[in-house]
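Written out below as structure tokens is the structure these notes cover.
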Amino acid sequence: MFIKELRLRVEEYFRVVIKTLREIIPKNVGYFLVRESQETMQYSLYNELLKNDEIIEGLCEPPEITQQRETAKKTLEVLNKAKRIIRREVSADDHAREMEKSAIDRSSVDRSSIMM
């Protein structure tokens with residue numbers, strides 16, 4: 001009885017494995033064939049594009065867009081520098097206020113100890 005049950009389970013396991021392999025192998029073969037043909041097509045298209053200068057010029061952006069980008073880039077740099085300067089001044093002001101506050105606190109502590 002035990003051997004018969006074990007044999008049935010092993011046979012069922014092999015049926016499942018064979019069924020899975022029958023489904024997976026064609027999918028993988030198709031995937032690799034499609035991927036290979038896709039890479040071949042991309043390579044040939046790329047080579048053809050490089051041969052044609054008119055297409056390359058058509059794909060480039062207009063000079064005014066390039067100039068606008070450069071202007072925006074310079075503006076961003078100036079604004080970032082200004083932001084750093086403002087932060088430095090704010091932190092220096094905060095530091096000065098903290099120093100004044102601690103000096104006031106020390107003087108009030110000194111007065112209170114004298115009054116006692």
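At a glance:
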| quantity | calculated |
| --- | --- |
| Residue in segment 18-39 that is at pLDDT below 85, over 32 Å from the mean Cα position of the chain (by Cα) and surrounded by fewer than 10 Cβ atoms within 10 Å (Cβ to Cβ) present | no |
| Residue match in segment 69-90 (condition: over 32 Å from the mean Cα position of the chain (by Cα), acidic (Asp, Glu) and modelled with pLDDT under 85) | yes |
| Residue match in segment 45-59 (condition: out of contact with any Pro (no Cβ under 7 Å at 6 or more places or on another chain) and not in a helix (DSSP H, G or I)) | yes |
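The values are calculated or read from the model by the stated rules, or taken from the named source; none is laboratory data. Just so you know, these numbers come straight off a predicted model, no measurement behind them. Heads up, the Cβs are rebuilt from the backbone with ideal geometry, glycines too, and the neighbour counts pull from every protein chain shown.
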